Amino acid sequence: MPEEMARENTVCAIVLAAGMSSRMGKVKQLLRLDGTLLLDIALDHLRASEVDEIVVVLGFEAETIRREARLAGTRVVLNEAYRDGMATSLAAGLAAAGPQVDAALIVLADQPFVQPSTINRLIAQYCERKPQIAVPVFNGFRGNPVLLDRSVFPELLQLSGDIGCRAIFGSHAQNILKVPVDDAGVLVDVDTMEDFERAQHAPAAGDGAAVLLETADLEGRDVGGPQLVIVGWEPVAGALAQIANLLHYDVTVVDAFLDPRRAPGVGRVLHALDFSHLPMTAETVVVIASRGRFDEEAIEQALATDAGYLALVAGKKRVREILARLEAKGTPKTALERLHAPAGLEIGAESDEEIALSIMAEVVSWKRRPPRNV
């Protein structure tokens with residue numbers, strides 16, 4: 001680990017490996033992929049990352065795991081209360097973290113495909129932005145491991161039963177950093193023999209996202225906050241992202257050349273116009289602000305999704321031209337009625353910031369609309 005990062009922010013990885021594997025029917029920490037224990041794979045990835053120390057929490061079959069797993073260089077903690085659920089293992093691991101620890105990376109022993117580069121990205125984003133909670137997000141789905149700032153440790157120590165750190169997410173919605181990663185392994189855990197059999201046929205860790213996703217249980221992993229997708233990165237888009245942040249939107253920008261480091265308030269950047277990578281729902285807001293570069297293509301793709309609000313930033317003349325071309329290409333008028341164009345409420349907006357404000361005002365009005373059957 002770089003010396004400066006180690007001096008400023010100490011990150012301890014806590015590996016939860018105490019469970020009884022009740023859904024598996026076998027001690028899953030001791031199952032082997034290509035001859036290597038699942039637990040050892042997870043530990044090897046941590047050793048190759050920039051974590052400062054590794055704490056392994058054992059419980060069920062602890063002595064067998066001690067004999068068979070490669071635990072050298074880790075601190076092993078025995079959770080005698082493992083039968084009472086995951087919260088007890090979380091508490092045992094946090095209690096073992098020394099006073100010098102600034103943050104804890106909560107690692108599940110049954111996630112063999114999470115890459116060291118993903119762990120390093122979480123650490124880097126934590127060090128740079130200092131959130132209370134940092135979670136990896138792949139294609140819009142929240143995964144593990146989760147990085148927790150020391151400020152939330154007291155809440156975690158109060159948890160009980162078979163629940164994990166997700167239990168405190170609701171009370172820290174404004175301090176959760178969703179970190180986009182190119183690693184489908186954050187979504188894949190091995191809970192059942194069926195999962196394990198699929199995992200054995202998956203490609204090497206970090207490759208073949210589509211194959212890995214066949215193993216992933218995506219239920220409940222969608223990103224929690226409302227979603228705003230902005231197509232294009234013109235000045236209006238920048239102002240729109242900042243206002244959306246104030247309203248607690250998760251912002252994604254679709255732009256071929258945008259450097260994420262130059263996009264404040266943006267959680268994720270897609271460099272290809274492909275909405276299949278995004279989890280579109282009836283609550284998703286899509287604003288197209290590409291100034292003619294790919295307006296029509298973006299509208300066509302958005303109309304094929306479940307996005308609830310779709311708007312185009314353009315003058316009235318250009319709106320008429322685009323609608324005419326789309327109709328000529330066979331897009332039904334009923335579909336085009338979903339498009340708010342020009343985008344925004346009519347408030348006499350002139351500057352980029354005023355236009356962005358008018359768009360978000362229209363979004364708020366749309367969200368507050370009464371149900372159709374009322």
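The values are calculated or read from the model by the stated rules, or taken from the named source; none is laboratory data. No experiment lies behind these values; they were computed from the predicted model shown. All Cβ positions, even for glycine, are placed from backbone atoms using ideal geometry, and neighbour counts span all protein chains on display.
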If we keep just the residues of segment 295-338 that are in contact with a Pro (Cβ under 7 Å, 6 or more places away or on another chain) and loosely packed, with under 15 Cβ neighbours inside 10 Å, which is nearest to residue 256 (Cα to Cα)? 315
Show the residue pairs that are 6+ apart or on different chains and have beta-carbon atoms under 9 Å apart, the first residue being within segment 7-21 and within 12 Å of residue 52 (Cα to Cα), the second being among the hydroxyl-bearing types (Ser, Thr, Tyr) and part of a loop (DSSP other than H, G, I, E, B). 13/49; 13/74
So which residues in segment 96-122 are surrounded by fewer than 22 Cβ atoms within 10 Å (Cβ to Cβ), in a helix (DSSP H, G or I) and under 16 Å from the mean Cα position of the chain (by Cα)? 117, 120, 121
Residue selected from segment 123-147 under the condition touching a Leu at 6+ places or on another chain (Cβ under 7 Å) and in a strand (DSSP E or B), by the criterion nearest to residue 55 (Cα to Cα): 147
Here are the criteria: (1) acidic (Asp, Glu); (2) under 14 Å from the mean Cα position of the chain (by Cα); (3) within 17 Å of residue 37 (Cα to Cα). Tell me which single one residue 183 does not satisfy. (3)
Segments classed as helices (runs of 4 or more DSSP H), wholly inside segment 250-347, with at least 2 members that are of a type in the set (A, V, I, L, M), within 30 Å of residue 179 (Cα to Cα) and outside the structural domain of residue 174 (by TED's automatic domain parsing): 295-303
From the set of residues in segment 329-370 that are closer than 15 Å to residue 296 by Cβ and among the small types (Gly, Ala, Ser), which is modelled with the lowest pLDDT? 330
